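The values are calculated or read from the model by the stated rules, or taken from the named source; none is laboratory data. Being a predicted model, the structure only gives us computed values, none of them experimental. So basically every Cβ, Gly included, is an ideal-geometry build from the backbone, and we count neighbours across all protein chains shown. Accessible surface is based on the protein model in full, side chains and every heavy atom, while ligands, DNA and RNA are left aside. Shrake-Rupley method; radii C 1.70, N 1.55, O 1.52, S 1.80 Å.
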Amino acid sequence: LGYNIFNPALVARVFLLISFPVAMTSWPIPFNVDMETAASPLGVLKTDGVGFIQHISLWQMSFGEIGGSMGETSAIALLIGAVWLLFKRYITLTIPLSFILTTFAFTGIFYLLDPAHYASPVFHLLTGGLLLGAIFMATDMVTSPIAFRGQLLFGIGCGLLTAIIRLWGGYPEGVSFAILIMNGLVPLIDAWDLSDKKEKAKEEAK
């Protein structure tokens with residue numbers, strides 16, 4: 001395994017997103033033979049508001065009948081991938097579950113406070129790169145914490161940052177930025193977690 005601090009795939013994606021924002025944020029309209037492009041649901045939410053996403057059904061979000069980056073539009077396909085990774089024991093539930101639930105809970109609070117201005121937490125769950133990032137990117141063993149408590153903190157941090165960027169940031173999507181920011185904090189999280197365990201071990205030894 002490598003010794004990279006940041007997830008290489010996300011570094012490349014963020015570099016392209018910042019350098020070529022138009023090309024990286026235009027997607028073909030599903031089932032459109034003329035290959036017309038349009039914004040993703042998160043992009044529409046950011047620029048036009050909640051009223052313009054009401055027509056998007058749960059079915060469309062779940063089965064990928066929406067615009068978006070390749071690999072992030074079908075929630076069902078991503079969840080099948082998660083089951084396979086868990087079955088093979090390549091990942092655990094700690095990071096994905098804490099990541100997803102934090103984003104869901106934080107966006108849900110603001111939806112309950114002002115549903116006319118904020119999208120539902122289900123919308124945030126099924127659109128954009130939340131599932132892709134939580135399942136396949138944040139769980140990268142090189143760039144994520146070692147122990148359970150550190151992984152829990154990492155996932156919560158990713159979820160919180162994702163929600164903050166989505167709700168108030170300049171970009172409609174915050175998953176890549178959130179994971180990279182938390183990648184940079186992993187050495188500190190591991191140091192805190194392991195030092196605390198060493199202190200407990202010393203106390204038990206006494």
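A dipole drawn for the chain from +1 and -1 charges on Cβ atoms has a positive end, and of SER40, ALA9, THR73 the residue lying farthest that way is ALA9.
Considering only GLY184, LEU131, LEU167, the residue lying farthest towards the positive end of the dipole of the chain is GLY184, judged by Cα position with unit charges set on Cβ. The fraction of accessible area contributed by carbon and sulfur in the chain is 71 percent, rounded to a whole number (1.4 Å probe; ligands and nucleic acids excluded).
Label positions at ASP48 and LEU113, each projected 7 Å from the Cα along the C-beta direction, are separated by 2.7 nm.
Report, in debye and to the nearest 20, how large the dipole of the chain comes out about its Cα centre when Lys and Arg carry +1 and Asp and Glu carry -1 on their Cβ.
Numbers: 11 positive and 14 negative charges, 129 e Å.
Here the chain has a charge dipole of around 620 debye.
Candidate values (i) 1.63; (ii) 0.99; (iii) 1.10 were compared with Cα Rg over 2.2 N^0.38 Å computed on the shown model; the agreeing label is (iii).
Compare the peptides 116-126, 48-58 by average per-residue count of other Cβ atoms within 10 angstrom and give them in order, highest first. Kindly include the intermediate steps, with their values, before the conclusion.
Working: 116-126: 18.4, 48-58: 12.5.
In decreasing order of mean packing, 116-126, 48-58 become 116-126, 48-58.
The fraction of Cα-Cα pairs per 5 angstrom bin, counted from 0 for the stretch 53-131, comes to 3, 15, 22, 22, 21, 11, 4, 2, 0 percent, rounded to whole percents. The long axis of helix 75-87 is offset from the longest Cα principal axis of the chain by roughly 20 degrees.
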